[in-house]
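K.L.:
Quick one: the structure is below, questions incoming.
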Amino acid sequence: MKKRLLACLLTLSMVAVTVTGCGKAKDQDNSQTSTETTPTTAVESGTTTEPATAEPSKYQTTYGSKMFDDVTITVELFDRSNAPEGSTITDNRWTEYVQQEMKKVGINVEFVTVGRWDEVTKMQTMMASGTAPDITLTYTYAYAEQYLNDGGIWDLSEFINADDQATNMKAYLGEDVLNIGKTQDNQLYGIVAKRATTAKSNLFIRKDWLDKLNLTVPTTPDELYNVLYAMKYSNPDAKNSTIGAIISNAWNMKLAFSQLAGNEKEAAISFGDDAIGDYYDPGNREYYRFMNKLYNDGLLNKEYYTMTDDNFKSYIATGDVAFFESSVNFAVDVMRGSLLKTLQENVPDADIVSIQPLKNAFDGKQYSASYASGGLIAFCPLTADADKVEACMTYLDWQCTQDGGFTLYHGIEGEHFNYDADGVPVVIDATFNATDKDWIRADLFVVGNQGYFNSVDDFNACTSKEAPGYEDHVVANYQNALTGTLVSDTTYTSPSTPDLLTDIGLVRDEYTVASVTCSKDEFDATYDDYMAKLKAAGIQTIIDERTEYYNKVYGN
């Protein structure tokens, strides 16, 4: 989000604190075997943070500032069904480490597992039944804000705002990120995780097939269609199962057709939810028309809309996909299974590379979707009493320390990594790390999306070292993901969004499938029906509210 927009959202003044990120911490000892460690009270071990007020606040949420009386908190933990043999999602070396460190301040941590891809429906069920964990997670801010408006979760302000509260959290997350979790009247409905990078999405293609067919990298939607057609129907390696394209996330593909991406205010109004963009941006119709063409010409997976994440990865790893869009670095990310490495074990000369965003069909410019500076949000249901919430905020504060988040994500010096001359943690054995910690690290570390880092440069330096043999792929992936004009997600939630979101989502889910899978001659009628159903579900109210808000931000 642009600085001008952030300026309109920031209302809280906090004390600036220097943070150590990916680089080496002074006198850092990450040993997990020590039982004599004194709880740290600042981001960097060995330092202390003095309270700014003579009288301590009612709730003490800086880790180490209070000894709790054996308080037990429940914490949501995403389950990706990827625990290695000998471990479970809740019983492993790293959950034990969390419990060990929190017991030093009298807090017991119990984990409640939720399937990663069922998190919204599971959250809604648990909130409705009063069984949600004391720390509940979601990526959909509107739901969290709705729970606050409905009186179902805590306003966390009284646990965070004072100078002596959550000092590590404030230092690590920073003012901008903390403010994302606030309502317009400054109620704090959740703690938002800081993103290590705003890079969001890559377009991936089989480079070996490009080379074999003497094709050049596509730069426009029309060129992409021609390349996919050749890879599917003129490819000597093609099999009956060969798929032209799988679009699991259409962030950059939609921007290749957007008519509003070049206008900062209009793009802000349009972005936030797929249905809003579909209704407000006339270019989205042409995106769906393109997808419909791919589908009817046999170039799009026929069951793409019901595909599980495991099936998607399997298609890639077995060499059945020519092109796909997914999360940045998806093809070589060790956390997602090192898919290219697996593919090359089956097909040694195979290669998957990312390409730059396609040139927009209307203005010829390149646009890349990017994340806002915040990731998932953690909130506390009212079923947790004040003592538990105080302990929950202390737990999140600990995660913002070197002994907390840094260790959970990077591991232990000498075992998982060594520092290079620039102070960058360099992986010792990626295969060992993958089964020892990497499979769970991102889900345990809930105050940072994509890891414990202080800067994007730190993130890029560290991440490229985590995929031995694919360093160049990683660097190119993150560069391509931030090419051209960046169109960022918005964190603004209009007043009516929480009430209308569910009904609009049902319409969107039905018609985004129908618009792609209908016959070509039925497309316009189907899309017109989609627009009518969105209007009936109240989407114009959200558009009006967003327009009013962004008119104030950018001017009429």
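K.L.:
Mind checking which residues of region 77-97 are surrounded by 16 or more Cβ atoms within 10 Å (Cβ to Cβ) and not in a loop (DSSP other than H, G, I, E, B)?
P.N.:
Across region 77-97, the qualifying residues are Leu77, Phe78, Asp79, Trp94, Thr95, Tyr97.
K.L.:
Every residue in region 474-488 that is surrounded by fewer than 19 Cβ atoms within 10 Å (Cβ to Cβ) and not hydrophobic (A, V, I, L, M, F, W, C), please.
P.N.:
Selection gives Gln479, Thr483, Gly484, Thr485.
K.L.:
Which numbered condition in (1) closer than 23 Å to Thr138 by Cβ; (2) at pLDDT 90 or above; (3) touching a strand residue (DSSP E or B) at 6+ places or on another chain (Cβ under 9 Å); (4) crowded, with 21+ Cβ neighbours inside 10 Å is the only one that Ala442 fails?
P.N.:
(4)
K.L.:
Next question. Search region 390-433 for residues being of a type in the set (Asp, Glu) and in a loop (DSSP other than H, G, I, E, B), and hand back the single one that is surrounded by the most Cβ atoms within 10 Å (Cβ to Cβ).
P.N.:
Selected residue: Glu415.
K.L.:
Let me ask something additional. Please determine whether any residue of region 292-299 is among the hydrophobic types (A, V, I, L, M, F, W, C) and within 26 Å of the chain's Cα centre (by Cα).
P.N.:
No, region 292-299 contains no residue that is among the hydrophobic types (A, V, I, L, M, F, W, C) and within 26 Å of the chain's Cα centre (by Cα).
K.L.:
Which condition breaks for Val328 when tested against (1) outside the structural domain of Val105 (by TED's automatic domain parsing); (2) surrounded by fewer than 21 Cβ atoms within 10 Å (Cβ to Cβ)?
P.N.:
(2)
K.L.:
Here's a follow-up. Just to verify a result, which residue in region 361-375, among those that are crowded, with 21+ Cβ neighbours inside 10 Å and of a type in the set (A, V, I, L, M), is modelled with the lowest pLDDT?
P.N.:
Of everything passing the filter in region 361-375, Ala372 is modelled with the lowest pLDDT.
K.L.:
Could you please find all residues in region 102-154 being polar (S, T, N, Q), out of contact with any Pro (no Cβ under 8 Å at 6 or more places or on another chain), part of a helix (DSSP H, G or I) and surrounded by 14 or more Cβ atoms within 10 Å (Cβ to Cβ)?
P.N.:
Listed by number, the list holds a single entry, Gln124.
K.L.:
Can Gly190 be described as surrounded by 23 or more Cβ atoms within 10 Å (Cβ to Cβ) and more than 26 Å from Ser368 (Cβ to Cβ)?
P.N.:
Considered against the rule, which asks whether it is surrounded by 23 or more Cβ atoms within 10 Å (Cβ to Cβ) and more than 26 Å from Ser368 (Cβ to Cβ), Gly190 comes out as yes.
K.L.:
With a cut-off of at least 3 residues that are surrounded by fewer than 22 Cβ atoms within 10 Å (Cβ to Cβ) and not aromatic (Phe, Trp, Tyr), name the helices (runs of 4 or more DSSP H) lying wholly within region 205-321.
P.N.:
207-212, 221-233, 264-270, 283-296, 309-317
Rundown of residues vs (1) over 20 Å from the mean Cα position of the chain (by Cα); (2) on the phi < 0 side of the Ramachandran plot; (3) not β-branched (Val, Ile, Thr), yes/no style:
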site	(1), (2), (3)
Tyr367	no, yes, yes
Ser373	no, yes, yes
Thr394	yes, yes, no
Cys400	no, yes, yes
Asp403	yes, yes, yes
Leu408	no, yes, yes
Gly411	yes, no, yes
Glu415	yes, yes, yes
Gly423	yes, no, yes
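K.L.:
Given the conditions (1) assigned to a strand (DSSP E or B); (2) not assigned by TED's automatic domain parsing to the domain that holds Glu325, and given that Asp176 satisfies all but one, which numbered condition is not satisfied?
P.N.:
(1)
K.L.:
In this structure, does Ala162 turn out to be among the hydrophobic types (A, V, I, L, M, F, W, C), within 20 Å of Trp251 (Cβ to Cβ) and touching a residue at least 40 places away in the same chain (Cβ under 8 Å)?
P.N.:
Taking the combined requirement at face value, the residue does not satisfy it.
K.L.:
Determine the pairs where a residue that is at pLDDT 95 or above, located within region 116-136, has a partner that is among the basic types (Lys, Arg) with Cβ atoms under 8 Å apart, the partner being 6 or more residues away or on another chain.
P.N.:
Final answer for the pair search is Asp134/Lys388.
K.L.:
Within region 171-184, does at least one residue satisfy the condition of being over 17 Å from the mean Cα position of the chain (by Cα), farther than 17 Å from Val447 by Cβ and surrounded by fewer than 22 Cβ atoms within 10 Å (Cβ to Cβ)?
P.N.:
Yes, region 171-184 contains at least one residue that is over 17 Å from the mean Cα position of the chain (by Cα), farther than 17 Å from Val447 by Cβ and surrounded by fewer than 22 Cβ atoms within 10 Å (Cβ to Cβ).
Residues are listed down the side, and each one gets a yes or a no for (1) at pLDDT 95 or above; (2) among the basic types (Lys, Arg); (3) under 30 Å from Asn454 (Cα atoms):
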| position | (1), (2), (3) |
| --- | --- |
| Thr183 | no, no, yes |
| Asn186 | no, no, yes |
| Gly190 | yes, no, yes |
| Arg206 | yes, yes, no |
| Pro218 | yes, no, no |
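K.L.:
In region 512-534, how many residues are in contact (Cβ under 8 Å) with a residue 40 or more places away in the chain and under 32 Å from the mean Cα position of the chain (by Cα)?
P.N.:
10
K.L.:
Return the total of residues in region 241-269 being hydroxyl-bearing (Ser, Thr, Tyr) and either under 20 Å from the mean Cα position of the chain (by Cα) or on the phi > 0 side of the Ramachandran plot (or both).
P.N.:
1
K.L.:
A further question follows. Can you report the number of residues in region 511-522 which are part of a helix (DSSP H, G or I) and either surrounded by 17 or more Cβ atoms within 10 Å (Cβ to Cβ) or not assigned by TED's automatic domain parsing to the domain that holds Asn292 (or both)?
P.N.:
Final tally of qualifying residues: 6.
K.L.:
Next up: In this structure, does Asp363 turn out to be in the same structural domain as Glu223 (by TED's automatic domain parsing) and either among the small types (Gly, Ala, Ser) or out of contact with any strand residue (DSSP E or B) (no Cβ under 9 Å at 6 or more places or on another chain) (or both)?
P.N.:
Here the answer is yes, as Asp363 does meet what is asked.
K.L.:
Of the conditions (1) in a loop (DSSP other than H, G, I, E, B); (2) over 25 Å from Ile191 (Cβ atoms); (3) of a type in the set (A, V, I, L, M, F, W, C), Val487 satisfies every one except a single condition; which number is it?
P.N.:
Of the numbered conditions (1) in a loop (DSSP other than H, G, I, E, B); (2) over 25 Å from Ile191 (Cβ atoms); (3) of a type in the set (A, V, I, L, M, F, W, C), the odd one out for Val487 is (1).
Rundown of residues vs (1) hydroxyl-bearing (Ser, Thr, Tyr); (2) within 30 Å of Tyr172 (Cβ to Cβ); (3) out of contact with any His (no Cβ under 8 Å at 6 or more places or on another chain); (4) not in a loop (DSSP other than H, G, I, E, B), yes/no style:
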| site | (1), (2), (3), (4) |
| --- | --- |
| Phe453 | no, yes, yes, no |
| Pro468 | no, yes, yes, no |
| Leu506 | no, no, yes, yes |
| Asp509 | no, no, yes, yes |
| Asp524 | no, no, yes, yes |
| Tyr527 | yes, no, yes, yes |
| Lys533 | no, no, yes, yes |
| Asp544 | no, no, yes, yes |
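K.L.:
Check region 322-343 and report whether any residue there is in a strand (DSSP E or B), among the acidic types (Asp, Glu) and under 25 Å from the mean Cα position of the chain (by Cα).
P.N.:
Taking every residue of region 322-343 in turn, at least one turns out to be in a strand (DSSP E or B), among the acidic types (Asp, Glu) and under 25 Å from the mean Cα position of the chain (by Cα).
The values are calculated or read from the model by the stated rules, or taken from the named source; none is laboratory data. Everything quoted here is computed from the prediction, not taken from an experiment. Cβ atoms come from the backbone with ideal geometry, glycine included; neighbour counts cover every protein chain shown.
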